[in-house]
Protein chains: 2
Amino acid sequence: MSTRSKDSDRGGPSGGRRRVTGHDVAAHAGVSQSTVSLVLSGNPKARIADETRERVIESARELGYRPNLLARGLVQRRSFALGIVVPELDNPFFTEVVSGAERVAGEAGYGVLLADSGQIPAAEHVMRLRERQVDGVILAGVPVETMPDEALADANVVVVDEPTGRYPGVASDATGAGRKAAEHLLSLGHRSLAFMGPADPSYTFRMRERGFVQALREAGCAITSPLLRRAPASVAGGDRAMAALLALEVPPTGLFCANDLMALGALKACAAAGVRVPSEFSIVGCDDIEMARYVTPELTTVMVPARGLGARAARLLLLTLDGRDTGALSGKPLEVEFVSRQTTAPPPRREP
Amino acid sequence: MSTRSKDSDRGGPSGGRRRVTGHDVAAHAGVSQSTVSLVLSGNPKARIADETRERVIESARELGYRPNLLARGLVQRRSFALGIVVPELDNPFFTEVVSGAERVAGEAGYGVLLADSGQIPAAEHVMRLRERQVDGVILAGVPVETMPDEALADANVVVVDEPTGRYPGVASDATGAGRKAAEHLLSLGHRSLAFMGPADPSYTFRMRERGFVQALREAGCAITSPLLRRAPASVAGGDRAMAALLALEVPPTGLFCANDLMALGALKACAAAGVRVPSEFSIVGCDDIEMARYVTPELTTVMVPARGLGARAARLLLLTLDGRDTGALSGKPLEVEFVSRQTTAPPPRREP
DNA sequence: AGCGGGTGCTCATACGTATCACCAAATACG
DNA sequence: CGTATTTGGTGATACGTATGAGCACCCGCT
């Protein structure tokens, strides 16, 4: 009708210099911007004539309209975005957590802001995410206990695998993981077992250790101090710690590692030292990262549902944001599962 | 002074129910919101008395003020956030790309929105990111050629390792990678060599193959069709393809894989078949993912600077956004580097 | 005819920030 | 001393959307 409306047509979806706004759609459809908003995102209970609704939708499609989520977020005080903080993307475990969370969030229409904590302290990352008005934050592998309270106040935090009690969270059955590893090794006949984990362990690592040690003790098979090795929870750390174990006067016959990366390092150290796995030495990891299946021999480990943890954390967060009940989700820890592969066997028979 | 200003004090940084805004800071400092904005984020050339400036900064600190980046983004038409789309976070290569990009972006004050493309087509992800008003998008491992043009129009796209010419991008020297693998194997004395790569290869995979095949041809050592295996670029795919190679009447003596994951699969298949690496068979991977160092024997490969690619993509994008010259960065491909480890050796001597 | 009530839409405003135009006071200058 | 000029700040507005209040209109009822 008017030249104006003809103007806004020019170029179609991809031609315009300026981004298409709700006002443009309104002009094109001959309605007000309010109506456009009501049709495209408003409450479905809004009273709009079918004919109008279709005209607006058609105009929006034709102009290639995409709502500006910054503007929406500003007025609704919700950005429909989550933040997720991990200590390092290098560790496949966290990658899987992120992946799981991203999928759930994406399906719910939420965006995901990633913060790889690196040098910057996690608290600072949380602040930055909040400046971006994320509706909530998932903290994975972050030492929550050492974070100042005010950094997390009013922040809708969900913590992965670090049940502090101060914040809602999802966790796996860490003591169960240690226990299952112990039971398996004991049942194979091992009596001299070692553990390796990081020196400044997170809650989960502590629980894995505790489960393992307790199960050993209950079996009347206490672990002695030289068999408890501290090293970074990485492949390099596992390598070093394993070398130390092999250098002992009386090395153990089997080992449980705080995570799979360490176990891979231990495996490597054995290969370098000419110790055959599993015939001469047994190794159990924890996490079941993808690589565990791909090394030779394949790593026996305890599966921790990383992707599931991430997904569940995201779901928990989304429910919290909707003000729904969250008791069911944050309640019980996720089950872990022992996975028998090729790095465990009965201990070698004593030399005569 | 006024009761109002006393009110906004209540509770300090962490107590307030409502988030503290620039207006609150203004009231507390006895200035206008404009002044607050000028002091805290405005152009440094703004003329503000030192005394006022300090008072505002002090008030902001005291109230725990954090600017709302949604509001800032709305008026500035810049969100100071980047999007990054990857096909799968499972592949460590992309994880490293993301990690590199995230670091550079973070240091520049940019946020990173992650989109793991999964089931949803990449074009749709780009749209969603643009709704969130990201200032630019990094596409890594995404089949850009098959994406509709209008999805990327005006989107400030930077493409990783897929130099289409239509969009700016950063790439590694893929043909060089293939060539270096070939030269190494040839120099060891191999004459019967195989290649494995995905059936529907991306540009980079095609170039790796081309470099390898051409170098062989130039050495008068053409590759025959049964030695060119197609399989998914994953560990499982490499495993299957290697099994097929070993089943040939006359198996090759060495192999170059399109990426490290396939090489790990090949390594696994050799172990399963009792073929000793490298004494009986040589394997060269490509990418140099972290795992390459951690398997036994350690994987010989061609290092592709994944983190560097991500970092450079981010830098390129940031420069583009600042309207700076980008020629230098998008120009030459990043160097790749041959990494000799333990999976290559001279071919076994012919059986007499 | 008068009126209550539903329908369908618009007006105005708010969200929190940046920024331009403008202004008062202080200072410089001939 | 009168007028430029600089200094230091304020007021108003815009960004693009959501949303409550309100308005015009039509329908059915008494």
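The values are calculated or read from the model by the stated rules, or taken from the named source; none is laboratory data. Computed from a predicted model, the values in this text were never measured in an experiment. Here the Cβ is made from the backbone with ideal geometry for all residues, glycine too, and neighbour counts use every protein chain on show. All accessible areas refer to the heavy atoms of the entire protein, side chains included, with ligands and DNA or RNA removed. Shrake-Rupley method; radii C 1.70, N 1.55, O 1.52, S 1.80 Å.
Using a simple spin-label model with pseudo-atoms 7 Å out from Cα toward Cβ, residue A:33 and residue B:32 lie 2.4 nm apart. Comparing A:149, A:173, A:116 in a Gaussian network model of chain A (Cα springs below 10 Å), the most mobile by mean-square fluctuation is A:149.
Computed over the protein assembly as shown, the P(r) tail beyond 44 angstrom holds 33 percent of alpha carbon pairs.
With all protein chains in place and ligands, DNA and RNA left out, the 1.4 Å accessible area ranks B:332, A:45, B:268 as A:45, B:332, B:268, largest first. Charged side chains reduced to their Cβ positions (Lys and Arg at +1, Asp and Glu at -1) give chain A a dipole of some 560 debye around its Cα centre.
Within chain B, the longest run free of exposed loop sites, counting GluC sites (Glu not before Pro) that sit outside DSSP helix and strand states (H, G, I, E, B) and have at most 13 other Cβ atoms within 10 Å, spans B:1-248. Compared with the dominant Cα axis of chain B, that is its longest principal axis, helix B:306-321 is turned about 40°.
For the pair A and B, the buried accessible area comes to roughly 4800 Å² in total, with a 1.4 Å probe and the value rounded to the nearest 100.
Computed as a quarter of the hull surface, the mean projected area of the alpha carbon convex hull for segment A:46-131 stands at 8.0 nm². Simple point charges give the picture: +1 on the Cβ of Lys and Arg, -1 on the Cβ of Asp and Glu, and for the protein assembly as shown a dipole about the Cα centre of about 860 debye.
Calculated mean residue ellipticity at 222 nm for chain B: -13000 deg cm²/dmol, from DSSP H runs with n ≥ 4 weighted as -39500 (n - 2.57), summed, divided by the residue count and rounded to 500. Comparing mean-square fluctuations of B:193, B:70, B:299 from a GNM of chain B with C-alpha springs under 10 Å, the top value falls on B:70.
Peptides A:251-260, A:307-316 ranked from most to least packed by the mean count of surrounding Cβ atoms within 10 Å: A:251-260, A:307-316.
Could you check what % of the DSSP bridge pairs in the protein assembly as shown are antiparallel, to the nearest 5?
If we restrict to bridges inside the protein assembly as shown, about 10 percent are antiparallel.
Peptide A:106-118 has a mean shielding of 5, counted as Cβ atoms of other protein chains within 10 Å of each residue's Cβ. Along the Cα-to-Cβ line of residue B:349, 7 Å from the Cα, sits a label point; which residues in segment B:179-213 have backbone N less than 17 Å from it? B:189-190, by backbone N distance to the label point.
Loop-located chymotrypsin sites (Phe, Trp or Tyr not before Pro) across segment B:174-208 with a Cβ neighbour count of 16 or fewer within 10 Å are lacking, with loop assigned by DSSP. Plainly put, the tip 7 Å out from Cα toward Cβ on residue B:340 is 4.5 nm from that tip on each other copy, the closest given first.
Where Rh denotes the Kirkwood radius from the mean inverse Cα pair distance, what is Rg over Rh for chain B?
Expressed as Rg/Rh, it is 1.17.
FRET efficiency for residue B:62 and residue B:322, Cβ-Cβ distance as r, R0 = 25 Å, nearest 0.05? The calculated FRET efficiency here is 0.15. In chain B, the longest principal axis of the Cα atoms and the axis of helix B:235-246 are about 10 degrees apart. Calculated FRET efficiency, residue B:119 and residue B:221, Cβ-Cβ r, R0 45 Å, to nearest 0.05? Approximately 0.60, to the nearest 0.05.
For the protein assembly as shown, give the percent of accessible area contributed by carbon and sulfur heavy atoms, probe 1.4 Å, rounded to a whole number. Accessible surface attributable to carbon and sulfur in the protein assembly as shown totals 50 percent. Ranked from largest to smallest solvent-accessible area, with a 1.4 Å probe on the protein heavy atoms, B:190, B:23, B:28 come out as B:23, B:28, B:190.
Take each residue in B:68-81, count the other chain C-beta atoms within 10 Å of its C-beta, and the mean is 5.
Distances from residue B:52 to itself in the other copies, using label points 7 Å out along the Cα-Cβ axis, amount to 4.7 nm in increasing order.
Considering only B:121, B:333, B:44, the Gaussian network model of chain B with Cα springs below 10 Å gives its largest mean-square fluctuation to B:44.
Full extension of the chain segment joining residue A:45 with residue A:145 gains 31.5 nm, where the gain is 0.36 nm per residue of separation less the Cα-Cα distance.
Sorted shortest first, the distances from the residue A:293 label point to those of the same residue in the other copies are 2.6 nm; each point sits 7 Å from Cα along Cα-to-Cβ. Straightening the chain between residue A:164 and residue A:280 buys 37.8 nm, computed as 0.36 nm per residue apart minus the Cα-Cα spacing. Label positions at residue A:154 and residue A:228, each projected 7 Å from the Cα along the C-beta direction, are separated by 4.4 nm. Taking every DSSP beta bridge that has both ends in chain B, the antiparallel portion is near 10%.
Annotation for residue A:273 and residue A:131: the two label points, set 7 Å from Cα along the Cα-Cβ direction, are 4.9 nm apart.
The residues of segment B:174-304 present an accessible area of 37 Å² per residue when probed at 1.4 Å with all protein chains retained.
Over the whole of B:234-245, what's the average partner chain Cβ count within 10 Å per residue? Rounded to a whole number, please.
1
From the alpha carbon centroid of segment B:293-309 to that of segment B:57-77 is 44 Å.
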